[in-house]
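A quick write-up on the structure given underneath.
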Amino acid sequence: MLLKIRHALLEVANHPNAKQSAVIINNELIITSGCILQPYVRPMLPFISDHSNENVCPSTKIIHKLQQCLLVNAQDVDTDEAQHLNSLNYQVTFDRRKLPPAVTHPNHNSNVPHILTRYTAKLLYIFSSKEISRNLHKMLNSMNYNESQTKDHNEVLLTSFLVLTMRPTSVTAGTPPEKFERFLEHIAHYLRYIHPIRPLDDVLTMCTPFGLENFYKTISIGKVSNVIGKNGSLFVLSNNLPLGCEGSAVFNNKLRLIGLIISTAFQRNNENLQMTIAANFAFLLRDFMNQLGIKITTITIPREPSNFAWERSLVVIEANGNQGTGTLVKVQNKKFIITCSHVVFQVNSTVYCRGVDGEFESDVLWSNPNYDTAFDVALLSTPSHIPSRYCVRLAQTKPCLGQTVYNAGFPYFVNFNLKYDFNPSIFQGRIIKYTPAAIMSDGCVQAGQSGGPMFDEHGNIMGVCVSNIKMDNIVYPNINNAIPIITIRSILEDYAKTNDLHILNNLVANPDIQRIWSLQPPPVICKL
């Protein structure tokens, strides 16, 4: 059975109005992220764990069930949860008709139907995936839920999913009919042919940014940057999507449905993070069918290693409560780790690192005392047991505009299992500006990637990632600065030849480089 996947816009027409993307499968089933219910499912304090208590509000009962990964049946009209959910007005909009002609002829009938059609939708179920919920909870590094906490109820909805239909008579209360079961089994059969998701896989997202019909069916093409969890229940995309794209379908390069967007931005430690996170469609479908009591063949999609050849050259650095990224480098047969000075701070101190083969201690050989300016560089020692094949070489050519680059590292919210899982993120981008002071790229960089490498297509390190561009207190994660290796290459080579640490003092940038790095305006000659 072939599946017909349509993009749709789901709207909750109650006040406040909420819109977000959704997926329609064979005009039968509508699936979207549960975050659309955040304005309407808000537990009242105090949070009571006993959801059977008559004194608790329906939102509390809904959140508690989802926390326990219990199915919320909106068709069971005798429950408070169903009554609250059915009080909302669900509408789904999608294009069932052909596009109108681009040019209207004089004799053509002007009553051309609109491309978009809106239908009333009925909510059937809300469910939470245990595997997806557990991994997102670790990723956000948040506290465990207890009876007194409701501030993170939105996180519960992030890993929950709505199942709706435009045919309310097709499903009745209680056990789903055989037709509905067969339909879900066909979807499960479709998933058997999906291959594991790996970093740098090409993906296509169909979405409606900001929930505006004007942007209906917007296409966004990107790559997988990271795969989260033992079996890859979550994955991170390189293309940043705006609000309203939650619930969008993610397709692989064969245009097969592989995921559903669950988040495009969130907060961690009072820091706004813009990152597109998708749930593996196989996991959410499997959990939904299990909660319905439908027996299916176990879906196993093991996480495979990435094809990123230079992943083994990366190290995680932990120093004084800070986390950053470093790169194993070989220059003139001398091995060392290059990173940012604001990651390690102090010279002659010891930091803890982890590479692909395990943990080790490293000494801070040199660190720029002016770590808040150019060049924000530090060098660390490399243990003798690190093979030379793990080290990368310095780039020998100047960066070119439009050149493909790979920003790699360990963002805080991705590296949630450091002791047991070596799992760097890789973000592909392009160089958008180059000066001797900085390489600017549009490849994503997040907190925790400081000191990480910017690779060229041959695996040479051509830059050290330092920071995002920040203007008017707004951080732009897809516009970032890196230290050009070509500018500091000769100094690093001289150090490798002589082993004289004093040579590295030449890495303190001159005033002209400092001016460019700090985004001070250049001199302007006025000839008006």
Extension reserve of the Ile221-Asn89 stretch, reckoned as 0.36 nm per residue once the Cα distance is removed: 44.3 nm
Using a Förster distance of 22 Å, the FRET efficiency for Arg256-Leu70 (Cβ separation, nearest 0.05): 0.15
Length added when fully stretched, Cys526-Asn320, from 0.36 nm per residue minus Cα-Cα: 69.3 nm
Exposure of Glu131 as accessible area (Å², to 10), given a probe of 1.4 Å and all protein chains: 30 Å²
Most to least packed among 397-403, 521-527, 239-245 [average Cβ atoms within 10 Å]: 239-245, 397-403, 521-527
Low-density loop cleavage sites - trypsin sites (Lys or Arg not before Pro) in segment 235-268, where at most 13 other Cβ are within 10 Å (DSSP): Lys254
Label-point gap, in nm, between Glu304 and Ile469 - each point 7 angstrom along Cα→Cβ: 3.7 nm
Ordering of 61-73, 445-457, 210-222 by burial proxy (mean other Cβ atoms within 10 Å per residue, highest first): 445-457, 61-73, 210-222
Structure-based [θ]222 nm, the chain - -39500 (n - 2.57) summed over DSSP H runs of at least 4, per residue, nearest 500: -4500 deg cm²/dmol
Summed side-chain charge close to Ala74 - residues other than Ala74 whose Cβ falls under 11 Å, Lys, Arg +1, Asp, Glu -1: -1
Formal net charge of residues neighbouring Met206 (Cβ-Cβ distance under 14 Å; K, R +1; D, E -1): +2
Farthest positive-ward along segment 317-378 dipole, Cα basis, beta-carbon charges - from Ser362, Asn320, Gln346: Ser362
Listed pairs Lys19/Lys230; Lys19/Lys223; Lys4/Lys230; Lys398/Lys497 exceeding 28 Å between Cα atoms: Lys19/Lys230; Lys4/Lys230
Dimensionless Rg/Rh of the chain - Kirkwood Rh, Rg from C-alpha atoms: 1.03
Relative packing of peptides 310-317, 332-339 - highest average C-beta neighbours within 10 Å first: 310-317, 332-339
Sum of side-chain charges, Gly429 neighbourhood, beta-carbon under 13 Å (Lys, Arg +1; Asp, Glu -1): 0
Solvent-accessible heavy-atom area per residue, rounded to whole Å², over the chain at 1.4 Å: 46 Å²
Placed amide H near Met275: partners under 5 Å, 5+ positions off or other chain: Ala265, Phe266
Qualifying lysines (Cα of each under 21 Å from Cα of Lys470; at least 8 residues distant if same chain): Lys433
Simple Cβ-charge dipole of the chain, Lys/Arg +1 and Asp/Glu -1, about Cα centre, in debye nearest 20: 1400 debye
Whole-percent carbon and sulfur share, accessible surface of the chain, 1.4 Å: 49 percent
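The values are calculated or read from the model by the stated rules, or taken from the named source; none is laboratory data. The structure presented is a predicted model; accordingly, all values stated were derived computationally and were not measured. In this analysis, Cβ positions are derived from the backbone assuming ideal geometry, glycine residues included, and neighbour counts consider all displayed protein chains. Side chains included, ligands, DNA and RNA excluded: accessible areas come from the protein's heavy atoms. Shrake-Rupley method; radii C 1.70, N 1.55, O 1.52, S 1.80 Å.
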